[in-house]
Amino acid sequence: MVRAGYHFLGDDKPAVLSDTNGPRILAFPEPVNGYVDELHRFDELPHRPHEAFPADFPLKISFDVETFWPGCVIPSAIPAALFFPDAHDGDGPAANIIEPISGAEGLRRLIELNWPVRLPWGFDGFLDTMRDLAEQTPCYQLICGTELDDLP
């Protein structure tokens with residue numbers, strides 16, 4: 001998505017702040033960790049570090065997004081949409097499919113992905129923030145196909 005001109009806030013878990021204007025996503029631009037067999041689709045990104053690793057070895061590589069797309073990281077954003085990708089399993093569609101999901105399903109997925117094991121400031125407000133985010137932001141399921149260039 002960064003290749004297509006979108007800005008970057010974080011790989012897995014950017015912070016969500018709820019204030020009078022609604023939910024705001026704060027950047028958490030730590031290095032991206034990607035499986036090398038997925039990264040080979042992008043010529044500009046690092047590839048398998050050594051040929052001795054078997055092709056089916058689930059090796060990950062970390063890289064800084066700013067190294068490859070300077071200026072793409074922004075400090076915060078008001079979310080326009082939430083996308084929950086479902087990985088391509090090899091037997092899935094070739095095309096990418098985006099389907100709307102309900103706010104309740106978005107909330108379920110947000111909680112599943114972000115359930116806090118331990119919050120330094122306590123658990124207060126976590127569920128309210130996730131609820132506000134899911135209620136105030138359109139939620140979508142992205143079924144990832146084999147082709148990345150046709151993302152809407």
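The values are calculated or read from the model by the stated rules, or taken from the named source; none is laboratory data. These numbers come from a predicted model, not from an experiment. Positions of Cβ are backbone-derived with ideal geometry, glycine not excepted, and every protein chain shown enters the neighbour counts.
For (1) modelled with pLDDT of 85 or more; (2) surrounded by 11 or more Cβ atoms within 10 Å (Cβ to Cβ); (3) over 20 Å from Ile25 (Cβ atoms), each residue gets a yes or a no:
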{"position": "Leu82", "(1), (2), (3)": "yes, yes, no"}
{"position": "Pro85", "(1), (2), (3)": "no, yes, no"}
{"position": "His88", "(1), (2), (3)": "no, yes, yes"}
{"position": "Ala95", "(1), (2), (3)": "no, yes, yes"}
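Restricting to segment 11-45, name every residue that is buried (at least 16 other Cβ atoms within 10 Å of the Cβ) and β-branched (Val, Ile, Thr).
Answer for segment 11-45, where residues must be buried (at least 16 other Cβ atoms within 10 Å of the Cβ) and β-branched (Val, Ile, Thr): Val16, Ile25, Val32, Val36.
Does segment 41-63 contain any residue that is of a type in the set (D, E, K, R), within 19 Å of Leu113 (Cα to Cα), at pLDDT 80 or above and over 15 Å from the mean Cα position of the chain (by Cα)? Give the derivation first.
Keep residues of segment 41-63 that are of a type in the set (D, E, K, R), which gives 41, 43-44, 48, 51, 56, 60.
Those left that are additionally within 19 Å of Leu113 (Cα to Cα): none.
No, there is no match, as no residue in segment 41-63 is of a type in the set (D, E, K, R), within 19 Å of Leu113 (Cα to Cα), at pLDDT 80 or above and over 15 Å from the mean Cα position of the chain (by Cα).
Cβ-Cβ distance below 8 Å, separation of 6 or more or different chains: which pairs start in segment 1-20 with a residue that is in a loop (DSSP other than H, G, I, E, B) and end on one that is polar (S, T, N, Q)?
Leu9/Ser76; Asp11/Asn33; Lys13/Asn114
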